[in-house]
Amino acid sequence: MSAAHISIDSDAIRRDFPILSRTVYGKPLVYLDNAATSHKPRGVIRALSDYYEGYNSNVHRGVHALSMEATDRFEEARSAVARFINAESPDEIIWTRNATEAINLVAHSWPQGNIEPGGEIVTTEMEHHSNLVPWQKVAADRGARLRFLPIADDGTLDLSGVDSIINERTRLLTIVHSSNSLGTINPVKELAAKARAVGAAVMIDGAQSVPHMPVDVQDLDCDFLTLSGHKMLGPTGIGALYAKRDALETMEPFLRGGEMVLSVTLEGATWNELPMRFEAGTPNIADAIGLGAAVEYLEAIGMDRVRQHEVELTGYALERFAELEEIDVFGPRDLSLRGGVVSFYASDIHPHDLGTFLDRRGIAVRTGHHCTMPVMGRLGVPATARASFYIYNTEDEVDLLVDALKDALRYFGNGPR
Ligand code: 7TS
């Protein structure tokens, strides 16, 4: 089958994103910072204004029409997220602010009764700080040990020692599905099976995978998976924790207050049903509904095609980057092992200078450590510049990036003259 038959129509998609028609310093915007946050299609923006203009109301508490309408839309959005990642039930989707809060929910509520002193938490050297720092605290508080699957030279995980790192003391494997700074897609299903075989629980940080490829939590057989709405065409301020019902049933609430209780006396309280038990207070109604619209937009394209588009674009970018001898590109070369992220470094030019140079051309990339400081240490660089792609990016934009980088190398004095 030729790629043309399965590729997506980025030109048509671009028309759905109002922001893509703006200019930056008089140049068309080339937005290559999708790993930080994606843009929002008109349907998502409209879902937000429809809520505020048409049926703004609190959920789960009113007998009046607006509240019932808001509750229906809010719960439909939860069902959409459940369907998108193939959760068994919408009750297994807990709304959070973002992936970070979802991870913190698990780190706060799950270890009690599950991680004893001497127990081990296995993670990797390529985690976002959000999936590292909370576990450092859990390990310190519980006398547990944090263990790391190392990064190999090609940017994949070095699994040579996996069978000793995941062992009978392992209580939790918590691992990033797709790395935001290397692009690496990790073999989470195989690692989850290893963890399950020793009786450990499994959490997957899906912040960079759920927006970009089909993700099926039942197929992966994970206990927890986290996602951020704003990286998958949805609004900021809304994310989700997927958790198996069995796991949720044993966990203490994260936050306490209204909505999460069934009955309250002056002395105590009993907890509400799932998922409300983990959603204290008025939730982020509008943005959850917006995320529901984002999921529907992605479903209409099809996640296989989203993934295919990014494979093609990343392959093209890697080919073009090969023209830039002065620039090192990190991460695996095998496109089946990498997402749409190209992290790069030109010795002698600080990534921030490179980023500023590109910005003047209207090209938005992220520079810095990408909240993965241990990865920078492993690569031996202070920071990288990173281009990250999504459905609306095109080969023409890759060309603009590479041409601008050629100019930058000339400008900063160590490129071809
Ligand atoms: N996990 C991964 C793999 C991420 O890439 C990020 C954010 C997070 C967790 C946290 O997501 P949040 O929505 O809770 O902040 N990554 C990035 C990035 O690469 N550039 O900006 C944010």
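The values are calculated or read from the model by the stated rules, or taken from the named source; none is laboratory data. All figures in this text were calculated on a predicted structure; none of them were measured in a lab. Note that each Cβ is placed from the backbone with ideal geometry, even for glycine, and that neighbours are counted across all protein chains shown. All accessible areas refer to the heavy atoms of the entire protein, side chains included, with ligands and DNA or RNA removed. Shrake-Rupley method; radii C 1.70, N 1.55, O 1.52, S 1.80 Å.
Note on V30: accessible area approximately 10 square angstrom, rounded to 10, probe 1.4 Å, nucleic acids and ligands left out.
Separation of the stretch 82-112 from the stretch 224-250 is 4 Å, based on Cα centroids. Remark: accessible surface ordering of H60, H177 (largest first) is H60, H177, probe radius 1.4 Å. Summing charges over all other residues whose Cβ lies under 12 Å from the Cβ of A70, with Lys and Arg as +1 and Asp and Glu as -1, gives -3.
Accessible surface calculations at 1.4 Å, restricted to protein heavy atoms, place the stretch 186-336 at 39 Å² per residue.
Under a Gaussian network description of the chain, with springs only between Cα atoms under 10 Å, the residue in I289, I19, I45 that fluctuates furthest is I19. Residues H369, H230, ordered by accessible area of protein heavy atoms at a 1.4 angstrom probe radius and largest first, appear as H369, H230. Excluding the sites themselves, what is the longest stretch of the chain that contains no chymotrypsin sites (Phe, Trp or Tyr not before Pro) in a DSSP loop with at most 16 other C-beta atoms within 10 Å? No qualifying site falls inside 26-411, the longest such stretch.
Loop-located trypsin sites (Lys or Arg not before Pro) in the stretch 190-274 (DSSP state other than H, G, I, E, B) with a sparse environment of at most 16 neighbouring Cβ atoms within 10 Å: R256.
Here the Karplus curve 6.51 cos²θ - 1.76 cosθ + 1.60, taken at θ = phi - 60°, turns the phi angles of the stretch 63-68 into couplings of 8, 7, 4, 5, 5, 5 Hz, with x standing for Gly and Pro. With a 1.4 Å probe and all protein chains kept in place, how much accessible area does E92 have, in Å² rounded to the nearest 10? Roughly 10 Å² of E92 is accessible to a 1.4 Å probe. Taking the protein heavy atoms of the stretch 45-300 in the context of the full set of protein chains, the accessible area attributed to carbon and sulfur is 51 percent at 1.4 Å.
Each residue, Y316 and V63, gets one label point 7 Å from its Cα in the Cβ direction; the gap between the two is 5.9 nm. For the stretch 371-411, the per residue solvent-accessible surface stands at 34 Å², with DNA, RNA and ligands left out and a 1.4 Å probe. Pairs of Lys residues in the chain, spaced 8 or more positions apart or belonging to different chains, with C-alpha separations under 22 angstrom: 5 in total. The H on the amide N of V261, modeled in the peptide plane, is under 5 Å from the matching H of N272, each at least 5 residues off or on a different chain.
Computed with a 1.4 Å probe over protein heavy atoms only, the accessible area of R366 comes to about 70 Å². 3J(HN,Hα) along the stretch 276-288, derived from phi through the Karplus expression 6.51 cos²θ - 1.76 cosθ + 1.60 where θ = phi - 60°, amounts to 4, 3, 9, 10, 5, x, 5, x, 7, 5, 4, 6, 5 Hz, with x in place of Gly and Pro. DSSP bridge analysis restricted to the chain gives an antiparallel fraction near 60%, rounded to the nearest 5. Note on the stretch 195-216 and the stretch 308-324: Cα centroid distance 26 Å, given to the nearest whole angstrom. Placing C222, C371 in order of accessible area, with the largest value first and a 1.4 Å probe, yields C371, C222.
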